[in-house]
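The values are calculated or read from the model by the stated rules, or taken from the named source; none is laboratory data. Every value quoted in this text rests on a predicted model; they were computed, and no experiment measured them. Positions of Cβ are backbone-derived with ideal geometry, glycine not excepted, and every protein chain shown enters the neighbour counts.
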Amino acid sequence: MKRDVGLISLTFVGVSGVIGSGWLFAPMLAAQTAGPASLIAWGIGGIAIMLLALSFAEISAMLPVSGGIARVPHFSHGNVVSTAMGWSAWIGYNTTAPIEVEAMLRYLAPHFPSLYTRDGPAGSTFGDLTTEGVIVATLTLLVFTVLNLFGVRLFTRFNASITWFKVAIPLVVSAVLLIDNFEIGNFTASGGFSPMGMKGILGSIASGGIIFAYIGFRHTIDMAGEAKNPKITVPLSIVLSLVICFLIYGTLQLAFIGALPESALTNGWAQINFTGDFGPVSGLATAVGLLWLVSVINVGAVLSPLGGGLVAVGSMGRLAHALARNGFFPSYLEKLNRFAVPARALLINFAVSTSVFVLLPFDEVVSLNGAAIILSFVAGPIAVAALRKLDPDRERSFKLPVIFLTGPSAFVIATLIIYWSGWNTYIILAGCLLVGSILFIARMSKAGLSEMDIKPALWMIPYLGGMALISWLGSFGGGSGKLPFGWDIVVIAIFSTAIYIIAVKGCLSTKEYETYLAEEDI
């Protein structure tokens, strides 16, 4: 692939991935779960994701390959682990684009009511996509796909032009709310600053839209194989995109809480809501009389998911290409077109993403997306430590500091995020992995066990089994509640640290690593 993506373009890819539809819903979801302490949740979530991101930053700068989420664990732990992580991420990516398209259409639906069925009393709320809605959604995905087919340079230029507006609009909304309607008393109303306690803060990270928003940084990793001077560009773009987006989301959350009318807090933070078809941020602007601002928000409501969907389509093409390089998908998908883009992978992904509109309701798509993508992040902290052992002398423009502490801490954080997603979400994740396992066995049935790299993947058995048990015992998302809050974090910290040590020690041999490395043009 051509290395045509510079620092600003790659940073904008990350920013566009993070500022998708999340800013339209996350402020209210986080406030419902944690109250004013949602500000702390954004900070904790930002630090957690930054630690995970820096794990991938070291490896992506050292081994800048396309589809990094799937390829990174391939170098350290071989086929089974990279396939499991890549398959999980691919499922997530193929639901990200439909989510962004639906978010855009839901904001357009009041102007084009034929896009959705009407549910609720007297048709008060929008339901599922109509046939016309599915056609429009499919055509939107097709536009994203076509834009990606003509090379990364056209894609990044188009994305950059959108991203300027995506950054400006939330900042304008925040500034107006802070200047015109900021009430400091809201931060101690209805139960105080932290009405749900630490459980609410931690729960909002997973279920309040915070992690869903932040994980968009991953697109910079997937584009690493097309970055100019990747040793500098990749880690710096990851850090810049996360810092920019943390400031935007933190400011928006502050403004949202401060602008809430007293009537919205009558029944407590968990019950805050804004009726209407235009979403919570527009609903708040309407409630406080800023009708002109609603028009600005609605423009952002179209542009933000538009850019997020465009980036997601580009990333999932690189990911499918990487899975073909891993041997999981047919080699047919490795083929690049004359613009050095994995065109066949993009077209297959288009077909899969289109089927999501037809087969799954929106709520299930969101749950599947979160569950599938989160697992793929656990490989980063393990791989960075393993590669320090396998290739200690390779030049690293960026190194994760104090790795004996930050490495296991990042793995614990990734595991906690999976746990906070809840038992119900974990069941969906397990189902995805089961399907992937069946496909992998069928694909590799003609290969020997040595080519499957079974031994370096053995840590996944106690990890996934242990997480199933802990998630069921816990109190998040349908868990039994047998494991008290507080103790669950201690249990996960001890459990995941032990798994981390086992996984790092059980990596590929140096010879196996060098064999896989020789297959890449780095």
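Odds and ends about this structure:
- Single residue of region 261-280 satisfying the filter (touching a Phe, Trp or Tyr at 6+ places or on another chain (Cβ under 7 Å) and outside any loop (DSSP other than H, G, I, E, B)) that is modelled with the lowest pLDDT: Gly279
- Looking only at residues in region 321-361 that are among the small types (Gly, Ala, Ser) and in a helix (DSSP H, G or I), the one that is surrounded by the most Cβ atoms within 10 Å (Cβ to Cβ) is Ala322.
- Identity of the residue in region 200-220, closer than 11 Å to Phe476 by Cβ and at pLDDT below 80, that ends up surrounded by the most Cβ atoms within 10 Å (Cβ to Cβ): Ala206
- Checking Ser55 against (1) small (Gly, Ala, Ser); (2) within 17 Å of the chain's Cα centre (by Cα); (3) modelled with pLDDT under 85, the condition it does not meet: (3)
- Scanning region 407-442 for residues that are more than 27 Å from Gly200 (Cβ to Cβ) and buried (at least 16 other Cβ atoms within 10 Å of the Cβ) gives Gly407, Cys432, Leu433, Gly436, Phe440.
- The residues on offer are Ala312, Ala301, and the sole one that is more than 30 Å from Thr83 (Cβ to Cβ) and within 26 Å of the chain's Cα centre (by Cα) is Ala301.
- Which listed residue, of Pro113, Pro36, is of a type outside the set (S, T, N, Q) and at pLDDT 90 or above: Pro36
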